[in-house]
Amino acid sequence: MHDAPLAPFGLLARLSLSFITWDPPFFLGIHFSARLNQFQSTVISPPTFSVVTICRNNRVGLEATLANVARQTERGFEHLIVDGGSTDGSRELLEQHGDWPWLRWTSEPDDGIYDALDKGLRQATGRYVIFLNAGDTFCSDDVLEKVAAQLGADDDVVYGDAMLVKMTPAGTLAWRKTGNHLSPDVRNNVCHQATFFRRELHVQETYDTRFQILGDKDLLMRLWRRQARFRRIDLCVCNYLVGGISSLQGTRLRTEQELLLLRWLNGHAPMTIGSLLRGAAWLASIQVRVALRRWLGDKAFNRMRALVGRPPLEPPAT
């Protein structure tokens, strides 16, 4: 499954995200006829950007992403939807927008998240590729325009910040994440949905489909090992809905975190005493947090996180 269901907070999540991004709620029936006519007269080929969205049985999230991307002021983009054979009306939704010239889509079974991302990458024609999952949105209508104005001739990977949005029974939490591609800690590394990849480079380094959760982090490490040129821009790129597959598979997530760290220590980064110490400290911190959470219990552990300004964690998956 590509996207964890938002129920029972699905509608609440969409409304809250609409408020945060000033997006009109999907049920207001906002039409894009004026936008469509304007876009048709100014479409650019080949496009600067390919926006790839993967989804499966998340029509509400897909509708939010479609509407948000359609409002981008930058004309040089295409939007590619890779649907994993949804049965919830997602395909019918895509068929309704068959007159959008920037939109292309497929709907067929796949072998998981990273297989779907690779499918989208193979279909892309833009100079740069960015991946927005169903339910994720750009922070503003001019994100692509602002990024296009800052792209340099030597940029291989350009990334900005992400606004992380988490739905809880107590309300909506949102906080801005600034990534650092030099960090071995996946919590502090670059947000995949806020990253633009040069397509010609990305097709040479595809996703390792043996990963279920952290294949994007593995890709970033491999690109860095190839001495790809990374650059951060001071821009909020995307609103990222926290609560997908990575929060539902606690044991698997920790296993993949440790695998990534071992790869990082085994040549995916410059080997120095400092990097070894940082990696060892990060691995130890994982074990300490797991033990502390088990000892305190979820309620007390989340209270402790709140004291340092961190959002609450969901109960760990078994």
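The values are calculated or read from the model by the stated rules, or taken from the named source; none is laboratory data. Computed from a predicted model, the values in this text were never measured in an experiment. Quick reminder, even Gly has a Cβ in these numbers, built from the backbone with ideal geometry, and neighbours come from all protein chains shown.
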Among the residues of region 91-113, is any touching a His at 6+ places or on another chain (Cβ under 9 Å), free of Cβ contacts under 8 Å to residues at least 40 places away in the same chain and among the hydrophobic types (A, V, I, L, M, F, W, C)? yes
Answer yes or no: is there a residue in region 156-165 that is at pLDDT 90 or above, in a loop (DSSP other than H, G, I, E, B) and not aliphatic (A, V, I, L, M). yes
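Is it fair to say Ala148 is hydrophobic (A, V, I, L, M, F, W, C), more than 19 Å from Ala64 (Cβ to Cβ) and either without any contact (Cβ under 8 Å) to a residue 12 or more places away in the chain or not in a strand (DSSP E or B) (or both)? Talk me through it step by step, then tell me what you get.
Numbers: hydrophobic (A, V, I, L, M, F, W, C): yes; more than 19 Å from Ala64 (Cβ to Cβ): yes; either without any contact (Cβ under 8 Å) to a residue 12 or more places away in the chain or not in a strand (DSSP E or B) (or both): yes.
Yes; evaluated as a whole, the condition is true for this residue.
Within region 158-177, can you find the residues that are under 29 Å from Arg229 (Cβ atoms), among the aliphatic types (A, V, I, L, M) and buried (at least 20 other Cβ atoms within 10 Å of the Cβ)?
Residues of region 158-177 under 29 Å from Arg229 (Cβ atoms): 158-164, 175-177.
If we keep only those that are among the aliphatic types (A, V, I, L, M) too, we end up with 158, 162-164.
Those that are under 29 Å from Arg229 (Cβ atoms), among the aliphatic types (A, V, I, L, M) and buried (at least 20 other Cβ atoms within 10 Å of the Cβ): Val158, Ala162, Met163.
For region 81-99, does any single residue satisfy the condition of being under 18 Å from Phe138 (Cβ atoms) and of a type in the set (Ser, Thr, Tyr)?
Restricting attention to region 81-99, the residues satisfying the condition of being under 18 Å from Phe138 (Cβ atoms) are 81, 97.
This time we only want the ones that are of a type in the set (Ser, Thr, Tyr), so: none.
No: zero hits.
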Taking Arg232, is it farther than 19 Å from Phe77 by Cα and either at pLDDT 90 or above or not in a loop (DSSP other than H, G, I, E, B) (or both)? yes
Filter region 177-222 for residues that are closer than 18 Å to Glu256 by Cα, modelled with pLDDT of 85 or more and not in a loop (DSSP other than H, G, I, E, B) and give the result. His192, Gly215, Asp216, Lys217, Asp218, Leu219, Leu220, Arg222
